[in-house]
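Novice: Mind having a look at this structure? Questions to follow.
No lab work stands behind these numbers, since they all come straight from the coordinates. Small disclaimer: the values here were computed from a predicted structure and weren't measured. Counting neighbours? That spans all protein chains shown, and the Cβs are built from the backbone with ideal geometry, glycine included.
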Amino acid sequence: MSGAEEIEEENIPSTSSAQQAGETLIARRGSTSLAWKWFGFERTDVRQLSPICKICNKPVSVKSSSTTNLFHHLRTSHRIQYEEYERLRQLAEKNKAEDVTVKKKSTQLSLADSFTKKVPYERKSEKWQTITDSITNYLARAMLPIQSVEQDGFKDMVKTLDPRYSVPSRTYFSKTALPKLYESCRERLSRDVQNASFYSTTSDLWSSRTSEPYLSLTIHFISDDWRLLSYCLQTSYFPEDHTGELIAQGLKDALSSWSLKEERMACMTTDSGANVVRALTINNWQRLPCFGHRLHIAIERSMRDPRIDRALGVCKKIVAVFANSWKKKKALAKAQEQLNLPQHTFITECPTRWGSWQRMIERVLEQQKAIQQVLSADRKQRHLVPTWQDIEVLESISKALGPLLEFTDALSGEQQVTVSYVKPVLSLFNSEVLAIKPDDTELTKQIKQTILDYLNEKYAADSVDKLLGLASTLDPRFKHRYNSADKIPAIESTLKAELLGMLNEEENPATSQVPTADEDQAEEEEDISEPLPAKKTKKSFGSYFKKRQSGKDSEQSTVEKEMQSYLMIPEMDSDADPLEWWKTQEVNFPRLGKLAKKYLCIPASSSPSERAFSTGNKQGVALEGQSPTAAKKLENPVMSRKLMVQC
């Protein structure tokens, strides 16, 4: 053997050494490829970038996690191992094909199963009832027309989801399924409202597009876990004349249908309609005027000025021009782009929503330059370009009314406490929001003063001011901060009287309940029978050392201590939730906590009842096939599905 051959033999690793090196290599993490039977990585190669052949101990260059170069190395350098790889690969493919065949055979339906799959569900079966209940819930929650179930698209969708289910007719849903769901929701909701210690209500009258009148009733109460809950109980067909006497009886019937006691109702929030005010006077119910309606009337009165009439008229005509002309809309968009103005459309005003006036004015002022550019190019509509006098009037209106928008929205909510905000808001109106400022125009001053005068006059009534004072005092954010000093003694006296009344009810619960006929009969039977001897109760040793005090003095002392302790606690942050505070402090002020539930559940606005009408008007939720005469027989003809949505 030559010397060169000897050198080459020395450089080739022996079989035993290569095998030992291969045993120290590890396979790629998370890979199932056959390549890693003959290749691996050194333990120091943490990122596993340089695979090494276990046979010849040579590194092989690869791209990313590809194994192509590895098998190429086997084919060119280790033929025997490559043939073994081919044999293993073919065996794996054969096993995979067999598994697929077995799976197909196992999933193939038998003749009996295929026949069963085509048989419709029986109507009494659990599966059919479950699907039907789901469709019923869908119709109720989405407030869809019941005739949707008879549309071809709906039937095709259901048939695709479950070929064995047959959709019942609209008559079944309107006569059976929806009434059944309504009764179930009503029963569950009835239990909740019966557990409320106190509640308040909102009510409103409404006429549909076909001039059919309805009367709504919405209840508000604070639950045991201090959550403010609001439910629209009913919206009943009310064809009688809308006189105070008939409305009063209609509201009484509404409470009676839900077994709600009138003495547990703290207040009813309504608009200022003379017939509604008369109805609550007849029933002797506490009434709180809707803040939204009061503010709307105040603003409406402040708008009675010829200059404002002209400026608003110009705004309405501008909005109408751009709403009814596609060419004008295109021209406006082009002008907005050239002038770098926001790509906004105009807002149409609603006569019964003062906020829409303000938003319309703000949008016209925002797009003033674009309006001038578009309308000036049209000879027929050039006269609609606002003059500088119109712009000055619109700016004066916007400056006065702009800050009021957020207060209306905040006081119209039904998920948070609002009644205790009324007095702070009125105070803020007088001191800041509607206060006269040096840079105000004469028109702005006039608008502000008119609004303030009206609100201060209407909320100065003794009964309303007292109610708002009680609610504000029981809100740990405000307490007496917004109550005038001369009214505080009367407010505290009223609270103490109510607390004493609660103590008497706790000590003598039987006196506060009216006995039923069965109870009266039981009492008569007890009188006839011989009296049982009274059980002697053993006196505790500690009772001898209790302080002797008359019952009345003790109750008075308990009430005063609880009141003083509550008023001495620092006020909480105005952004905090008062119900969360009462939830943690109820244990310290148990009687005041009951009063807080009574007064803090009162809404400052009647918007909750109006929202029910908005839902009914937009969605068209009246049960199909129900005429007003037939609907009268139902307790809740239009908004029965509104009740189910809440549940």
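Novice: Less than 13 Å Cβ to Cβ from ASP45, Lys/Arg counted +1 and Asp/Glu -1: what total charge do the surrounding residues give?
Specialist: It works out to a net charge of +3.
Novice: Consider a paramagnetic label point 7 Å from the Cα of SER197 along Cα→Cβ; state which residues of segment 234-268 have an amide N under 18 Å from it.
Specialist: Label zone hits: 261-267.
Novice: Still on this structure, please answer the following. Percent relative contact order of segment 306-417, based on C-alpha pairs within less than 8 angstrom and at least six residues apart?
Specialist: Across segment 306-417, relative contact order equals 30 percent.
Novice: Enumerate the calculated ³J(HN,Hα) couplings along segment 480-487 in order (Karplus 6.51 cos²θ - 1.76 cosθ + 1.60, θ = phi - 60°), each rounded to whole Hz, writing x wherever the residue is Gly or Pro.
Specialist: Listing the rounded values in order: 9, 4, 10, 8, 5, 4, 6, 9 Hz.
Novice: Still on this model: Residues of segment 301-329 with backbone nitrogen within less than 19 Å of a virtual label 7 Å along the Cα-to-Cβ line of LEU341, please, listed as ranges.
Specialist: Counting backbone N atoms under 19 Å from the label point, the list is 311-329.
Novice: Using amide H atoms built 1.01 Å from N in the peptide plane, name the residues 5+ places from LYS54, or on other chains, whose amide H lies under 5 Å from its own.
Specialist: PHE39, GLY40
Novice: Also: Once phi is turned into θ = phi - 60°, what whole-Hz ³J(HN,Hα) does the Karplus curve with 6.51, -1.76 and 1.60 give for every residue of segment 473-479, x standing for Gly and Pro?
Specialist: Residue by residue, segment 473-479 yields 5, 7, 8, x, 7, 10, 6 Hz.
Novice: Another one. How high is the relative contact order of segment 226-355? Use alpha-carbon pairs under 8 Å, at least six apart in sequence, and give a whole percent.
Specialist: Value for segment 226-355: 18 percent.
Novice: Given a cut-off of 30 Å, name the pairs among LYS327/LYS445; LYS466/LYS561; LYS317/LYS399; LYS329/LYS445; LYS327/LYS448 whose C-alpha atoms lie farther apart than that in the structure shown.
Specialist: With Cα atoms farther than 30 Å apart: LYS327/LYS445; LYS329/LYS445; LYS327/LYS448.
Novice: Turning to a different aspect of this structure: Compare the Cα positions of CYS315, SER376, HIS293 along the charge dipole of segment 293-380 (+1 at Cβ of Lys, Arg; -1 at Cβ of Asp, Glu; about the Cα centre) and return the one farthest towards the positive end.
Specialist: SER376
Novice: How much length, in nm to one decimal, is gained on full extension between ASP152 and THR281, taken as 0.36 nm per residue of separation minus their Cα-Cα distance?
Specialist: Full extension from ASP152 to THR281 adds 41.0 nm.
Novice: To continue, here is another question. Taking the alpha-carbon centroid of each part, what is the distance from segment 333-358 to segment 175-216 in angstrom?
Specialist: 38 Å
Novice: Treat each spin label as a single point 7 Å out from the Cα along the C-beta direction, and report the SER31 to LYS369 distance in nm.
Specialist: About 6.4 nm, to one decimal.
Novice: Right, next: If amide hydrogens are placed 1.01 Å from N in the peptide plane, which non-local residues have theirs closer than 5 Å to the one on THR269?
Specialist: THR201, THR202, SER203, LEU288
Novice: Considering Cα pairs under 8 angstrom that are at least six residues apart, work out the relative contact order of segment 370-450 and quote it in whole percent.
Specialist: 30 percent
Novice: Could you work out how much longer the chain between GLU83 and THR44 gets when fully extended? Use 0.36 nm per residue separation minus the Cα distance between them, nm to one decimal.
Specialist: 10.9 nm
Novice: So, one more: What translational diffusion coefficient, in µm²/s and rounded to a whole number, does the Stokes-Einstein relation yield for segment 255-384 at 10 °C and a viscosity of 1.306 mPa s, taking the hydrodynamic radius as the Kirkwood radius over Cα pairs?
Specialist: 87 µm²/s
Novice: Which residues' amide hydrogens lie under 5 Å from the amide hydrogen of THR418, considering only partners 5 or more residues apart or on another chain, with H built in the peptide plane?
Specialist: Counting only residues 5 or more places away or on other chains, the set is ALA604.
Novice: Another question about this same structure. Work out the FRET efficiency for ARG481 and SER272 from their Cβ-Cβ distance, taking R0 = 35 Å, and round it to the nearest 0.05.
Specialist: 0.80
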